[in-house]
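The values are calculated or read from the model by the stated rules, or taken from the named source; none is laboratory data. Predicted model, so just to flag it, every value in this text is computed and none were measured. Because the Cβ atoms are built from the backbone with ideal geometry, glycine has one as well, and the counts that use them run over all protein chains shown.
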Amino acid sequence: MTTSRQITPLPMPTGDEPISKGVLSYMSARYQTNVHSLVLEEFERSGMTSAQVARRLRMDPGQLARLLGNPSNMTLDTLSGLLFAIAGKEPDTNALKYGEMDARQNEFKEVHVSSADIIQPVIMRETKIVFLLVNAPFKTEPQEIGMYKRAIAIERGAMQFLSLGTNSFWSGPTNMIKQRYEKVEVA
Amino acid sequence: MSICVADMVDAAWEDSDDAVLFAQCRALLEDYVRNNWIRLRWDPDQDVPANIARVRPPGLYVFDFRSKGKDGGIRVFGAFAAKDWFVALTWEFRNEVDWDFEPTNCLKTWIDLFNTAPPYLGSDANDYLSSNYSIAHADG
């Protein structure tokens, strides 16, 4: 029996079905975070100080700090102004299919592995994966695998939510799993 | 990610006002997962905007993800297991956060789950993320 769970992926629009408030909010927030990331990246690459950027935009430094500090403060107006002021650039306007921007797609497949190998700290470090154990004490000895009932993890740098069952886990594309767990016995 | 945080982000697709906040929070967590550029605030005493910040008391090394939204949005609390490895443990609506309780509760949750394995204790902000981040300072 597996105790793992999946994070529900984004429901895509179909037919005449109304899109929920949550989904619309997510798409808006996702766009804002993408834009925010773009501006931060350009700002860091530019080597400019925030005071310089603020002067170019005749903006209060505190207002600029708020723009750079949180995605939700970024509007189309501020985006275009900031990109131009920082780097003399304008935003790209290509429309991409959901998930296309991510190097690794957010798709979940079940893969059976040796759980004992996965949870060894050395493996955790190599794979940059954190397991959060639920209803079980944390043990690092492989023979304690029976204590592990459930875990979910996120990894930075890969669109991935993981959950660990007693002998299986869920994650992103299979090829990535094989690559990342090549040192682990696949059951 | 703890089950309670997973439940919250899983409710993001619902058609409710709370789901709007959950969805914004999910997008922020995914922003981190996707290795997008983010701002990290190290000094809890500096009142500067950031995506993720160390919270008071700093000695607990508890961080929060700061999702803005209606009534302040949502804060997700957690700690790092290692560089780049953030474990999201608890969450609360921003306007309902008890700042005396939440960081301690977060650390208690960590101890309950990981027993004697302590959170990762970096000496400065650069010890926590390896790429695509900037440090939020009071001077911008």
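Among residues that are within 13 Å of another protein chain (Cβ to nearest Cβ), surrounded by fewer than 16 Cβ atoms within 10 Å (Cβ to Cβ), without any contact (Cβ under 8 Å) to a residue 12 or more places away in the chain and within 20 Å of residue B:135 (Cα to Cα), residue A:69 is not included.
Quick check on the stretch B:17-24. Is at least one of its residues facing chain A (nearest Cβ under 10 Å) and over 21 Å from residue B:95 (Cα atoms)? Within the stretch B:17-24 (the criterion being facing chain A (nearest Cβ under 10 Å) and over 21 Å from residue B:95 (Cα atoms)), the answer is no, since none of the residues qualifies. Conditions: (1) in contact (Cβ under 8 Å) with a residue 24 or more places away in the chain; (2) over 14 Å from residue A:70 (Cα atoms). Residue B:58 meets all but one. Number of the miss? Failing condition for residue B:58: (1). Residues in the stretch B:32-50 that are in a loop (DSSP other than H, G, I, E, B) and facing another protein chain (nearest Cβ under 7 Å): B:34, B:35, B:36, B:37, B:48, B:49, B:50.
Which members of the stretch B:111-125 meet the condition of being under 15 Å from the mean Cα position of the chain (by Cα) and more than 11 Å from residue B:60 (Cα to Cα)? Passing the criteria: only B:125. Test residue A:51 against the criterion of being part of a helix (DSSP H, G or I), surrounded by fewer than 14 Cβ atoms within 10 Å (Cβ to Cβ), hydrophobic (A, V, I, L, M, F, W, C) and at pLDDT 90 or above, and give yes or no. Spelling it out, residue A:51 is indeed part of a helix (DSSP H, G or I), surrounded by fewer than 14 Cβ atoms within 10 Å (Cβ to Cβ), hydrophobic (A, V, I, L, M, F, W, C) and at pLDDT 90 or above. Filter the stretch B:81-113 down to the residues that are over 17 Å from residue B:44 (Cα atoms), in contact (Cβ under 8 Å) with a residue 40 or more places away in the chain and away from chain A (no Cβ under 11 Å) and list them by number. Of everything in the stretch B:81-113, those that are over 17 Å from residue B:44 (Cα atoms), in contact (Cβ under 8 Å) with a residue 40 or more places away in the chain and away from chain A (no Cβ under 11 Å) turn out to be B:90, B:91, B:93. If you check B:47, B:31 for being buried (at least 19 other Cβ atoms within 10 Å of the Cβ), in contact (Cβ under 8 Å) with a residue 12 or more places away in the chain and out of contact with any Asp or Glu (no Cβ under 8 Å at 6 or more places or on another chain), only one passes: B:31.
Could we say that residue A:68 is out of contact with any Asp or Glu (no Cβ under 9 Å at 6 or more places or on another chain) and in a helix (DSSP H, G or I) here? Taking the combined requirement at face value, the residue satisfies it.
Listed conditions (1) part of a helix (DSSP H, G or I); (2) aliphatic (A, V, I, L, M); (3) more than 21 Å from residue A:66 (Cα to Cα) are all met by residue B:29, apart from (3).
Please find, among B:69, B:78, the residue that is more than 12 Å from residue B:40 (Cβ to Cβ), facing chain A (nearest Cβ under 8 Å) and touching a helix residue (DSSP H, G or I) at 6+ places or on another chain (Cβ under 9 Å).
Every option except B:69 fails the conditions.
Exactly one residue out of B:5, B:20, B:9, B:76 is part of a strand (DSSP E or B), of a type in the set (Val, Ile, Thr) and within 26 Å of residue A:34 (Cβ to Cβ), and it is B:76. Against the test of being of a type in the set (Asp, Glu) and either surrounded by 20 or more Cβ atoms within 10 Å (Cβ to Cβ) or part of a loop (DSSP other than H, G, I, E, B) (or both), the options A:44, A:17 yield a single qualifying residue, A:17.
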